[in-house]
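Taking it in order: structure first as structure tokens, then the write-up.
The values are calculated or read from the model by the stated rules, or taken from the named source; none is laboratory data. What you are looking at is a predicted structure, and each value in this text was computed from that prediction instead of being measured. Here the Cβ positions follow ideal geometry from the backbone for every residue, glycine too, while neighbour counts run over all protein chains shown.
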Amino acid sequence: MEITLRELVTSIHGMLFGGFFLMALFGALVLLLDWNNPDRIAGDVSPERPAPRWQTIYLVAMVAAGWAAVLSGAYMIYPWYRAVAPTGADLALYPQRLLMSHPTTAGWHNFGMEWKEHVAWIAPMASTMVAWVLLKHRAAWNAHRAVRTTVLGFAAVAFLAAAIAGGWGAMINKKAPVQGGQSIQLMGSTK
Amino acid sequence: MTEIRLVPQNPANGPVAAAVLSCAVGCFLLGVLAVAADGSKRLAATLNFYHPSGPLSGVTTVAIALWLVCWAVLATRWRNRSLAFGKLSAFAFLLLALGLLLTFPPFGDLFLGR
């Protein structure tokens, strides 16, 4: 059982970094909705108390996964995706050219990838802000309803942006997978 | 012994306002730069910081740099201030929505007359 280097890196980008980021963002949204509960805020006798350690680790890991996803996507996978194919080359190794080579698949690049490659960056930017407010300014979160509503809104937009980017990425990679590079053997042959 | 801590009733919202507004500005600039680079070959070439990734590298690097600079400046200026958060929030959401819309290719194409 083998996998190529490009397939492995693409899997790490999408399934490890992107997948964890998307799930963690959803978890953070649930956490924020719970913290937005007026009863909970009234019961928080020490609003300036630092966030529990597990919440700090969770939010920092979420933000790190978001940045890892966009940076690995833009600087490792996107160059493989958009590489210019030499004349007569097998287009299977050049996903953008493969998609653009036929009118029925060109939209996956012209619409899908064009949207994904930019909208994705909104997610880690917004989630960085959300995590920073929750970890550093819990007192302001507890004191101001407008702060809570705004931060929740930005977290929801971050989730939406990550979902758009992740969804398009998965679909584009089904139509024209990023592949090639050194083969890595994961398991011995069963035969 | 029970610890008694004095907690301000209304902590300054300036640092949060700085974080929210700068994030919205960064997202808006990302959208503006994405559309501008798509419409101008000259700007696209200028933003081609890392050739294998093309103009995307410059678009995102510049937007992130401006976001962080904006955040640092506003955080310093608003450190101890309390602002009208409702109005600031509405403006921030407007910028964020525009940023999101500008990354949507058909919306960007409208601006470029395509």
Going through the stretch A:137-151 one residue at a time, which ones are of a type outside the set (S, T, N, Q) and over 24 Å from A:Phe17 (Cβ atoms)?
A:His137, A:Arg138, A:Ala139, A:Ala140, A:Trp141, A:Ala143, A:His144, A:Arg145, A:Ala146, A:Val147, A:Arg148
Conditions (1) under 19 Å from the mean Cα position of the chain (by Cα); (2) surrounded by fewer than 20 Cβ atoms within 10 Å (Cβ to Cβ); (3) at pLDDT below 95; (4) not aromatic (Phe, Trp, Tyr); number of the one not met by B:Asn13
(2)
Between a first residue in the stretch A:147-169 that is at positive phi and a second residue that is of a type in the set (A, V, I, L, M), which pairs have beta carbons less than 7 Å apart while being 6 or more apart in sequence or on different chains?
none
For the stretch B:20-114, give me every one of the helices (runs of 4 or more DSSP H) that falls completely inside it and has 1 or more residues that are within 12 Å of another protein chain (Cβ to nearest Cβ), out of contact with any Gly (no Cβ under 7 Å at 6 or more places or on another chain) and closer than 23 Å to A:Val70 by Cβ.
B:55-77, B:85-103, B:105-111
Report the residue count in the stretch A:159-191 for those that are crowded, with 22+ Cβ neighbours inside 10 Å, more than 9 Å from chain B (Cβ to nearest Cβ) and under 18 Å from A:Leu16 (Cα atoms).
4
For the stretch B:93-108, enumerate the residues that are over 22 Å from A:Val130 (Cβ atoms) and in contact (Cβ under 8 Å) with a residue 40 or more places away in the chain.
B:Gly108
